[in-house]
Amino acid sequence: MSPLLNKSEQIARYLLKIGAVALRPQDPFTWTSGIKSPIYCDNRLTLSFPEVRGYIADAFVETIASTYPDAEVIAGTATAGIPHAAWVADKLNLPMAYIRDKAKGHGKQNQIEGLISPGQKVIIIEDLISTGGSSIKAAQAVQEAGGVPLVVLAIFSYELDRATEAFAAAGVPLQTLSNYTTLIDVALGQGTIADTDVELLQSWRKDPASFGVQK
């Protein structure tokens, strides 16, 4: 088992332990979009657990140091990516910025707060990847500012095909510390879910729109 996989599993364990991720295959959640989902993820809870947020920050730092050593700026997405970006930037002694979902309607009308200079190589820190739309908008904002988005780094991904296709179409690299597949394996190993739940959970990832729809 590789060190990277160990970290992915450990983060999945942490997210389950603190309740940042909940799995309810038999009693699905309803997203704002109306989609039924067997998983709910709120990584903002990690902020309240020093051990967890510290582990995540260290995992981000190790990933950046080993894979993106030429990074020059760490940029967090507003709002959930901001604290993680701040911790990572501090550990790496790099400049930090954050990216709004849209430009302010007053003042200087900034979308990016902090400084990203033309040509600078930027790591974008995100907490969660669902469809990928907001993260891709953040990367495009960096490009419009003249920066070079090296990658979107996120804590967790639902691994939806829609997101994979969106990142590929936008030409924006994506990497996550943990993911849906790993989470299911960890939850099964812990007894959080039953063997009979696995197929149902996997079916949601393949076709979220049809999950929970009466046929």
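The values are calculated or read from the model by the stated rules, or taken from the named source; none is laboratory data. Small disclaimer: the values here were computed from a predicted structure and weren't measured. Because the Cβ atoms are built from the backbone with ideal geometry, glycine has one as well, and the counts that use them run over all protein chains shown. Keep in mind that these areas ignore ligands, DNA and RNA; they rest on the heavy atoms of the full protein, side chains included. Shrake-Rupley method; radii C 1.70, N 1.55, O 1.52, S 1.80 Å.
Tally up the carbon and sulfur contribution to the accessible surface of the chain as a whole percent, 1.4 Å probe, everything protein left in place.
Carbon with sulfur: 50 percent of the solvent-accessible area.
Highest GNM mean-square fluctuation, the chain, Cα pairs closer than 10 Å: which of Thr176, Thr63, Thr196?
Sorting by GNM fluctuation, first place goes to Thr196.
Roughly how tilted is helix 50-67, in degrees to the nearest 10 and between 0 and 90, from the longest Cα axis of the chain?
Approximately 60 degrees, to the nearest ten.
For a quick check of your reading of the filter: which trypsin sites (Lys or Arg not before Pro) in the range 67-151 sit in a DSSP loop and have no more than 12 other Cβ atoms within 10 Å?
For trypsin sites (Lys or Arg not before Pro) across the range 67-151 that sit outside H, G, I, E and B with at most 12 neighbouring Cβ atoms in 10 Å, the list reads Lys102, Lys104, Lys108.
Net charge around Pro118, counting only other residues with Cβ within less than 12 Å of its Cβ (Lys, Arg = +1; Asp, Glu = -1)?
-1
Could you compute how fast the range 97-177 diffuses translationally, taking Rh as the Kirkwood radius over C-alpha pairs and applying Stokes-Einstein at 25 °C with viscosity 0.890 mPa s? Give it in µm² per second.
190 µm²/s
What is the helix-to-structure angle for 3-17, meaning the angle in degrees between its Cα long axis and the longest Cα principal axis of the chain, kept from 0 to 90 and rounded to the nearest 10?
That works out to roughly 70 degrees.
Could you work out which residue, out of Thr131, Thr67, Thr32, moves most in a Gaussian network model of the chain, that is, has the largest mean-square fluctuation with Cα springs under 10 Å?
Thr32
More than 32 angstrom separation, counting every C-alpha pair in the chain; what % is that?
I get 18 percent for the Cα pairs in the chain exceeding 32 Å.
Stokes-Einstein D for the range 34-73 at 10 °C, 1.306 mPa s, Kirkwood Rh over Cα pairs, in µm²/s?
127 µm²/s
Given the pairs Lys7/Lys206; Lys7/Lys91; Lys7/Lys36; Lys91/Lys121; Lys36/Lys137, which are separated by over 27 angstrom at their Cα positions?
Where the Cα-Cα span goes over 27 Å, the pairs concerned are Lys7/Lys36.
Near Asn6, within a Cβ-to-Cβ distance under 15 Å, what is the net charge of the other residues, with Lys and Arg +1 and Asp and Glu -1?
That works out to -2.
Can you tell me the accessible area per residue over the chain, all protein chains present, probe 1.4 angstrom, in square angstrom?
On a per-residue basis, 50 Å².
Which of the listed residues, Gly34, Tyr180, Leu94, is farthest toward the dipole's positive end in the chain, when Lys, Arg count +1 and Asp, Glu count -1 at the beta-carbon?
Gly34
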